[in-house]
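Student: One structure coming up, written as structure tokens, with questions to follow.
Here, each number is a calculation from the coordinates, and none is a lab measurement. Just so you know, these numbers come straight off a predicted model, no measurement behind them. Please note: Cβ atoms are built from the backbone with ideal geometry, for glycine as well, and neighbour counts cover all protein chains shown.
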Amino acid sequence: MLSSSWSYAIITAITIIAVLTWYAFKLLKQVKVQTEKQQQLELQKQQALKVHDKKIIDSIVIIVRAMKEEQCDFAEGCWRLCVLLDSLKLSESLSIHFPAIFELYNAIKHMPILEQRKQLKKQERMKLDFERMKIEAELTNDIKKDLEQLHQYALERISMLIR
């Protein structure tokens with residue numbers, strides 16, 4: 001027969017193994033719960049980004065339609081579109097896809113607006129207006145092409161975001 005010290009050692013070893021096994025399962029369960037929480041948070045984040053982008057793209061569609069129907073001039077429309085396109089969370093490098101829109105925006109974004117514009121002398125305003133109209137005239141055909149592509153892009157994005 002085993003001596004009592006061996007019996008005590010075996011019982012102690014079995015107890016230690018049981019406690020460690022229980023602790024390992026407890027840790028695995030915590031990791032599983034934490035992973036599920038992280039996945040849920042990531043899903044919520046993606047949903048929030050989709051909602052954000054859907055609102056932005058809805059606005060883009062409205063502006064594009066207004067520009068195509070000549071209810072909004074190209075300078076103002078391109079300015080608004082570029083700001084909106086830059087705020088999309090799930091899309092990148094849109095300036096590459098719509099170069100004329102961004103070119104016009106980059107050419108006029110330094111120009112003062114609202115109160116700052118009102119403070120300019122009439123001759124300065126006329127000079128800026130001439131500069132803007134000249135750039136618009138040079139880019140009109142390319143902007144019209146970009147608007148068609150942007151409209152198609154926006155409609156496709158909307159259908160993807162709804163899913």
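Student: Modelled label-to-label distance, residue 13 and residue 47, 7 Å Cα→beta-carbon offset: nm?
Tutor: Taking the two extended label points, one gets 5.3 nm.
Student: Given the Cα-Cα distance of residue 20 and residue 121 and 0.36 nm per residue of separation, how much length would full extension add, in nm?
Tutor: Gain on stretching residue 20 to residue 121: 28.2 nm.
Student: From the list (1) -0.45, -0.89, -1.23; (2) -0.39, -0.97, -1.23; (3) -0.50, -0.95, -1.27, can you say which value of log10 I(q)/I(0) by the Debye sum over Cα atoms at q = 0.09, 0.16, 0.21 Å⁻¹ was derived from the structure given?
Tutor: Matching entry in (1) -0.45, -0.89, -1.23; (2) -0.39, -0.97, -1.23; (3) -0.50, -0.95, -1.27: (3).
Student: Sequence neighbours fewer than 8 away in the same chain don't count; with that in mind, list the lysines whose C-alpha is under 30 Å from residue 26.
Tutor: In chain and number order, the partners are 37, 45.
Student: Any idea how far apart residue 149 and residue 134 come out in nm if each label point goes 7 Å out from Cα toward Cβ?
Tutor: Each label point lies 7 Å from its Cα, and together they span 2.6 nm.
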